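A short write-up of the structure that comes next.
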Amino acid sequence: MRLVFAGTPEFARIAFDALRAAGHDIPLVLTQPDRPAGRGLKLTPSPVKQAALDAGIAVAQPRSLRLDGRYPDEAAEAQAQLRAIAPDVMVVAAYGLILPQWVLDLPRLGCLNIHASLLPRWRGAAPIQRAIEAGDAQTGVTIMQMDAGLDTGDMLLERVVPIGAETNAAQLHDALAEAGGEAIVAALRALAADGLPARKQPEAGVTYAAKLDKAEAALDCAQPASLLARRVRAFNPVPGANIRLPGLDDPVKIWRAESVPAPAGAVPGSVLRADADGIDIATGEGALRLLELQKAGGKRQPVDVFVRGWQPA
């Protein structure tokens, strides 16, 4: 098919590469404007832009696609490009801009979104992290026919991905990205052949994956250890999870932790144990055993190394 691809981060880059490998004609890529990154805050292209440039494909980076918005000239230029291409379909993966109705209506087969959850569960911005945080046993990707709502369009195809007991967000991201690339190729193959029946999303089971907030990184020891352990995995690597330990001025970043039993009456936040096997912190229910930590400005350390250089007050 002749398609336009709209995406920005690494998750989208995996799908872009899969579509190119499948032989689709991609004359144009839409992606977010370059952002400052690294210690020098140098303007850096998105993973999708870099992949498109490497492949010799034209790239457009409008700040908005709304013709009546703050950047109407950029939106109008993008509209002219899309009309000239006359794509069969637009594939969207973590693009970062809301598509106005004129974009949704322009491709012959509409716009297909690769969403990183099994809809209608976890519509919204952070489905990967929220699935782990909630303790879901599985998630997946949904290829969805986009409409004007927030991840409300009809479902075309799904792929299920399990969530292991120790799976973190980085690992799940990679698994879902691979599943998404395979799924969009399969969906386009079916559309080009006999078509792909669309199914409306059920009204039951709708949940929303709220955008991640840096404030969520601070672990509240009044909450159950099981939830805190899931948050450590869900927020690895972004926004991270941190906790305050006695004897240290700055919070410590936690990379790995697990939930363990705690003695009755333990005061949340108190240190129950600190040795080479783990640092146990009492919580509202059970204890959070810290297994891999990082001091501010330091390196990640397994707990047996960390405790050698930590003297709790």
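The values are calculated or read from the model by the stated rules, or taken from the named source; none is laboratory data. Remember, predicted model here, so these are calculated numbers, not experimental data. Cβ atoms come from the backbone with ideal geometry, glycine included; neighbour counts cover every protein chain shown.
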**OP:** State whether the residues of the stretch 83-94 include one that is out of contact with any Cys (no Cβ under 9 Å at 6 or more places or on another chain), surrounded by fewer than 19 Cβ atoms within 10 Å (Cβ to Cβ) and within 22 Å of Pro197 (Cβ to Cβ).
**Re:** yes
**OP:** Kindly list, by first and then second residue, each pair from a residue in the stretch 296-313 that is of a type in the set (D, E, K, R) to a residue that is in a loop (DSSP other than H, G, I, E, B) and surrounded by 10 or more Cβ atoms within 10 Å (Cβ to Cβ), limited to pairs with Cβ atoms under 7 Å and residues at least 6 apart or on different chains.
**Re:** Asp304/Ala276
Subject >> Single match in Lys214, Lys200 (criterion: in contact (Cβ under 8 Å) with a residue 24 or more places away in the chain, closer than 30 Å to His24 by Cα and out of contact with any Ser or Thr (no Cβ under 8 Å at 6 or more places or on another chain)) >> reply: Lys200
**OP:** Tell me, yes or no, whether the stretch 201-219 has at least one residue that is more than 30 Å from Asp151 (Cα to Cα), out of contact with any Asp or Glu (no Cβ under 6 Å at 6 or more places or on another chain), loosely packed, with under 13 Cβ neighbours inside 10 Å and at pLDDT below 95.
**Re:** no
**OP:** Check Val238, Val232 and return the single one that is among the β-branched types (Val, Ile, Thr), outside the structural domain of Ala94 (by TED's automatic domain parsing), out of contact with any Cys (no Cβ under 7 Å at 6 or more places or on another chain) and surrounded by fewer than 18 Cβ atoms within 10 Å (Cβ to Cβ).
**Re:** Val238
Subject >> Filter result (β-branched (Val, Ile, Thr) and either modelled with pLDDT under 95 or touching a His at 6+ places or on another chain (Cβ under 7 Å) (or both)) within the stretch 129-147 >> reply: Val141, Thr142
